[in-house]
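Beneath this line is the structure, given in structure tokens, with notes to follow.
Readers should treat all values here as calculations from the given coordinates under stated rules, not as data from a laboratory. In this text, all values refer to a predicted model and were calculated from it rather than measured experimentally. Every residue, glycine as well, gets a Cβ built from its backbone with ideal geometry; the counts of neighbours run over all protein chains shown.
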Amino acid sequence: MMTATLTEIREAILPPTGDVLLRFLRDAYYGQQGEHTTDAYPAEIALKARQLGLIGQGEKRHTLTNQGYIVGNVAKEYCNWVDHGRNMPTPKPPQSMIEGKDVLDLGCSFGRWLWEFQRTAHSVVGLELQPEYVELGSALARCEGIEPPTIHNSGVENLDKFIKPDSIDFVFSRLVFNHVDIQVTLPKVAAVMRKGGTIWIQVETFRGAIRRIFEGELRVRSRVLGAFAFCNSVGCMLTGRQMSLPVKGRMHARHRIAYPTLGWWKRSLKKLGIEEFKLEDDDGGNATFSARKVR
């Protein structure tokens with residue numbers, strides 16, 4: 001149960017002690033996968049996290065609560081960004097796609113890509129489902145001396161409620177489209193793009209997803225979700241529809257995950273007048289592609 005408001009959490013992650021708390025939460029986040037430990041942190045930092053309701057009460061191992069998991073996700077991305085010289089990871093779009101353009105980021109998390117885009121873009125705007133990301137991102141931006149970008153707290157399927165038709169030159173989305181209603185969202189993306197505008201999307205690939213299903217965790221829950229994702233991917237490609245599965249989770253109440261093939265993405269975009277499909281990067285698990293609206 002939460003023992004602190006989001007405002008109190010926001011204040012706690014700011015200087016002078018906020019940096020240590022953020023790194024503690026990042027390592028607790030990774031620690032759940034057995035990759036990091038929080039043993040080296042001062043006892044008062046763990047106590048603060050407990051008082052905020054971000055880690056479990058009375059546990060020797062620092063296990064994140066549901067709220068702690070969400071805040072820890074922000075901490076992970078922010079601290080990694082700081083540790084890499086405040087540079088965004090590759091693959092990243094070239095400046096020619098951003099400079100002087102009106103930019104939309106779908107599923108923008110706490111907004112760090114928008115921080116970079118707004119250096120040279122004409123305007124930037126994002127959509128993000130998690131309210132914690134929006135509020136914490138605004139606080140972290142101010143901490144960095146960055147003007148917080150406009151971020152609407154909403155799912156990307158509702159982008160037409162916030163973005164005017166024919167108003168966007170560049171649409172960016174990273175590892176979000178696998179988790180939304182694709183056939184509902186793609187036409188709305190096409191509608192807000194100006195002719196000549198570019199879309200840049202990173203997705204998890206179908207072959208990568210299948211490999212994870214067979215090589216991943218052996219837990220029954222993981223296997224069930226993997227089987228659902230496979231069936232949903234095939235159904236999406238054959239019928240255009242995605243099933244929705246109610247699952248208790250830390251961030252979403254329902255799962256509609258699907259992994260269409262790159263060929264499917266290319267064909268679907270072409271039907272909407274978005275052509276000149278280009279594969280920008282493919283590491284076997286994630287693929288990044290761009291395309292341009294020609295009509």
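Working from Cα pairs under 8 Å separated by at least six residues, relative contact order for the chain is 13 percent.
Taking a point 7 angstrom from the Cα of residue 254 along the C-beta vector, which residues in the stretch 169-186 have backbone N less than 20 Å away? Once the point is set 7 Å along Cα→Cβ of residue 254, 176-186 turn out to lie under 20 Å by backbone N, inside the stretch 169-186. Subtracting the Cα-Cα distance of residue 215 and residue 19 from their residue separation scaled by 0.36 nm leaves 66.9 nm.
The ranking of 220, 192 from fewest to most other beta carbons within 10 Å of each one's beta carbon is 220, 192. Using a simple spin-label model with pseudo-atoms 7 Å out from Cα toward Cβ, residue 224 and residue 267 lie 3.2 nm apart.
What's the whole-number percent of alpha carbon pairs in the stretch 80-176 lying beyond 21 angstrom? It would help to have the intermediate numbers written out before the result.
Details: 1310 of 4656 pairs.
Of all Cα-Cα distances in the stretch 80-176, 28 percent exceed 21 Å.
Extension gain for the segment residue 280 to residue 295, taken as residue separation times 0.36 nm less the Cα-Cα distance, is 3.2 nm to one decimal. Could you pull out which residues in the stretch 10-28 have an amide N less than 11 Å from a spot 7 Å beyond the Cα of residue 86, following the Cα-Cβ vector? Nothing falls inside the zone, counting backbone N under 11 Å.
How high is the relative contact order of the stretch 1-137? Use alpha-carbon pairs under 8 Å, at least six apart in sequence, and give a whole percent.
Numbers: 169 pairs, mean separation 27.6, N = 137.
Computed value for the stretch 1-137: 20 percent relative contact order.
Taking Cα atoms only, the orientation of helix 66-83 departs from the longest principal axis of the chain by about 80 degrees. For residue 76, give me every one of the aspartates and glutamates with a C-alpha distance below 13 angstrom, ignoring sequence neighbours fewer than eight places off in its own chain. Once the sequence-local aspartates and glutamates are set aside, what remains near residue 76 is 19, 27, 35.
How would the stretch 6-83 be classified by its alpha-carbon gyration tensor: rounded, prolate or oblate, with rounded meaning a/c under 1.5 and the a/b versus b/c comparison settling the rest? List each step's numbers first, then the result.
On the way: a/c = 1.34, a/b = 1.07, b/c = 1.25.
Rounded shape, in that the Cα axes give a/c under 1.5.
State the Cα centre-to-centre distance between the stretch 261-295 and the stretch 128-175 in whole Å. What the calculation gives is 23 Å, centre to centre.
How would you rank 68-76, 5-13, 178-186, highest first, on the average number of other Cβ atoms within 10 Å across their residues? Before the final figure, lay out the partial values.
Values: 68-76: 23.7, 5-13: 16.2, 178-186: 18.6.
Descending mean neighbour count gives 68-76, 178-186, 5-13.
Straight-line reach from residue 101: taking Cα to Cα under 28 Å and skipping same-chain neighbours fewer than 8 places apart, the lysines in range are 92, 161, 164, 188, 195, 266, 270, 271, 278, 293.
Relative contact order of the stretch 118-160, taken over Cα pairs closer than 8 Å and 6 or more residues apart, is 51 percent. Take every DSSP beta bridge whose two residues both sit in the chain; close to 45 percent of them are antiparallel.
Taking the C-alpha atoms only, the angle from helix 262-271 to the longest principal axis of the chain is near 60 degrees.
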